[in-house]
1. Kindly check whether there is at least one residue in the range 542-549 that is in a loop (DSSP other than H, G, I, E, B) and either more than 32 Å from the chain's Cα centre (by Cα) or hydroxyl-bearing (Ser, Thr, Tyr) (or both).
2. Restricting to the range 267-285, count the residues that are crowded, with 18+ Cβ neighbours inside 10 Å and farther than 21 Å from ARG241 by Cα.
3. Check LEU487 against each of (1) under 33 Å from the mean Cα position of the chain (by Cα); (2) in the same structural domain as LYS333 (by TED's automatic domain parsing); (3) on the phi > 0 side of the Ramachandran plot and name the one condition it does not meet.
4. Which members of the range 231-262 meet the condition of being surrounded by 20 or more Cβ atoms within 10 Å (Cβ to Cβ) and either at pLDDT 90 or above or touching a Lys or Arg at 6+ places or on another chain (Cβ under 8 Å) (or both)?
5. So which residues in the range 416-439 are farther than 13 Å from ARG480 by Cβ and surrounded by fewer than 24 Cβ atoms within 10 Å (Cβ to Cβ), if there are any at all?
6. Determine, yes or no, whether GLU509 is surrounded by fewer than 15 Cβ atoms within 10 Å (Cβ to Cβ), farther than 24 Å from MET382 by Cβ and touching a helix residue (DSSP H, G or I) at 6+ places or on another chain (Cβ under 6 Å).
7. Being in contact (Cβ under 8 Å) with a residue 12 or more places away in the chain and either in the same structural domain as THR10 (by TED's automatic domain parsing) or not hydrophobic (A, V, I, L, M, F, W, C) (or both) is the filter here, so list the residues in the range 139-166 that pass it.
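The values are calculated or read from the model by the stated rules, or taken from the named source; none is laboratory data. What you are looking at is a predicted structure, and each value in this text was computed from that prediction instead of being measured. So basically every Cβ, Gly included, is an ideal-geometry build from the backbone, and we count neighbours across all protein chains shown.
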Amino acid sequence: MSGIALFVPTDEMYHQAQELLREKDNHVVIVKKIKTEEAVTEAQKAISEGVNIIMARGRQAMAIKRYTNVAVAGITMTAQELGLLVTRAREIVGKECPRIGIFGWGDMLCDTTHFNQLYHVDLKRYILKDGEEWRNTIENTREDDLDIVIGGEAVVDGAYQMGIPGIYMSSTGEGLRVALKNAESLYYMSQIEQHNYAQFSTILDSAFIGIMKVNVTGTVLMINKVMEQILDCSQEQALGRPAVKVLKGLEEQELERILKGAADNYSTFLTVRDQSIVVSIEPVLVEDKPDGAIISCNRMKRLDINDRDVMKEQYLRGYVAYGTFDDISRNLKGMQKVVELAKLYAQSSSPMLVEAISGPELEAVVQGIHNYSMRRNGPFIMINMAGLTQDQQMQTLFGKERDGLWEEEPGMIAEANHGTLVIQGIDKLTLQTQYNLARVMRTKRLMRGNKLEDSQIIDTRIIACTAKNLTELRREFKFRSDLYFTLKSLRVKIPNLKDRREDVGYLLESFTKKFMEQYGRYHVMTAGAKRVLTEYPWEGNSIQLEAFCERMILTVQKRTITEGYVRDLLDELYHHDSSIYAVSLEEQEVRKEVIEWKKEEPEEAVILRNVLKKYNGNRTLTAKELNISVTTLWRRMKKYGLGEM
């Protein structure tokens, strides 16, 4: 039984309600006169009988709103009803301009802004709140010198105890009429909402993807059956909780951007309960403003490599990626875009390129890609091509034939079948090796001799890594175009630490704390020392910074780490190398020639060369430091033959 319940506090309002309900059709199924202390109990009883809208007045309405989830249509005193009460109060007092106190619960009073002018009174409004505060409000009116009060039963009783006359806030029935109209509108809206909800639920439950609906605060309002299966969570367990708590791994900042209208949509990939999930978020727009969002999750099929013996062999041979994206701290702001892009690329099986120097960041990203992908159960292998001859490169990648059998010495591409092969130093490959690698990527076959039947079909995801500019190598005909364009489409660039100043500060604090705890010491770093270390160009990235912090903590003799100490240590370690090995005569001659050449070079050219080198050839930053325009810089570079830097 759905419908409206009407609760009133007096016999007078009860009879008014009965007359009103006889006038026209309505959906009121319960009409009761109740005491205030019974309001919540009666409301809960009505709700259990199927009522979805309740009409009530004053303190009763406030109690029902507070302790139930049902929609409440409050009975408000209209201007006409309050005007009659004010006129009556003025007559009782008999003063020219009496001071009248009018008391109401919540929003039960209409606007009385112009009552003083209309009725020639001094009207004081008092809004009562739930709990025991309303008693204090009545008690505090002693200081207001009221001539008379208008309010409910409790207010009138309190006024009489203070020697102030009072008038009970009776109704003419007009307030009931307005409240019934509002209640009918709420009922009509609830019926439409139930109808839409039923349709929406049917559509959602028949969908093949997981659907979650959230409100503007990111709280879950609904999930369908497929989403329950994906999350292993019932709708009852999910409702009312933040979406980022229900769907683990969902970026809270990205969801907030959608809900605030800062982004039109968002998509990413998550691993939920060992399932690879494509996640999309679309805003629900009402009058071009976000009123919530729909989060959809689509399961991707993971490569089925669950053979226990295969997995055991991979572990024994070290073909396992231990790192995940969680190893990259969320506090490393300069790495967040890299991680987000890497997560997207992880779901592809196409070759990709990572531009970065070797270090923890590179290993965390490539291992994270493997463990975030559908290949996580497959082998993970990292190899480095630096220093290998062409024959060694070919054997490492493609294997070596022994006694006519390739299987005895397979290459790393075959070893990483159904998994991931990370090739560091891709720029070190010879052109012949590049050709063979590009052919394998394109055909998905490893050729064993000249016969097609001797080929092996492979499914290895290649991640190539380089610290070089492949575009420049291609222009110099040192890197094949087919391999270049194969790798360039899915490209991730890990910025050097010197380009991530905010990350330097975080890592500096983390490493310093780590080594102070490790060696049982406590030191305080001055602001100047922090500034010097933050602005220092850490060419060795976090590896260099971590090693420096350990040396710094080990050798500092004072409690305070000063700017002077830091500068001296940097000079000692990286600028004034005190190697115990003597420089060879050949190296001395080379250095001498360089020095003589620099003496002959104009001072302006030397300055230009040094600043360009400082910023890795970035002309904008160089011009800014030299306080000249980019055009002027270009002309001077051309003058001194520095155009290739």
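1. The initial filter retains those residues of the range 542-549 that are in a loop (DSSP other than H, G, I, E, B), namely none.
Checked the range 542-549: no residue is in a loop (DSSP other than H, G, I, E, B) and either more than 32 Å from the chain's Cα centre (by Cα) or hydroxyl-bearing (Ser, Thr, Tyr) (or both).
2. The number of residues fulfilling the criteria is 2.
3. Only one criterion is unmet by LEU487, namely (3).
4. LEU231, ALA238, ALA243, VAL246, LEU247, LEU255, ILE258, LEU259
5. Across the range 416-439, the qualifying residues are ASN417, HIS418, GLN424, GLY425, LYS428.
6. On the way: surrounded by fewer than 15 Cβ atoms within 10 Å (Cβ to Cβ): yes; farther than 24 Å from MET382 by Cβ: yes; touching a helix residue (DSSP H, G or I) at 6+ places or on another chain (Cβ under 6 Å): no.
The answer is no for GLU509.
7. GLU139, THR141, ARG142, ASP144, ASP145, ASP147, GLY151, GLY152, GLU153, GLY158, PRO165, GLY166 - these are the residues of the range 139-166 that are in contact (Cβ under 8 Å) with a residue 12 or more places away in the chain and either in the same structural domain as THR10 (by TED's automatic domain parsing) or not hydrophobic (A, V, I, L, M, F, W, C) (or both).
Listed here are the residues, each with its yes/no results for (1) in a loop (DSSP other than H, G, I, E, B); (2) in contact (Cβ under 8 Å) with a residue 24 or more places away in the chain; (3) within 24 Å of GLN347 (Cβ to Cβ); (4) in contact with an Asp or Glu (Cβ under 7 Å, 6 or more places away or on another chain).
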residue: THR217; (1), (2), (3), (4): yes, yes, no, no
residue: LEU221; (1), (2), (3), (4): no, yes, no, no
residue: MET227; (1), (2), (3), (4): no, yes, yes, no
residue: GLN237; (1), (2), (3), (4): no, no, no, no
residue: GLY240; (1), (2), (3), (4): yes, no, no, no
residue: GLY249; (1), (2), (3), (4): yes, no, yes, no
residue: ILE258; (1), (2), (3), (4): no, yes, yes, no
residue: SER276; (1), (2), (3), (4): no, yes, yes, no
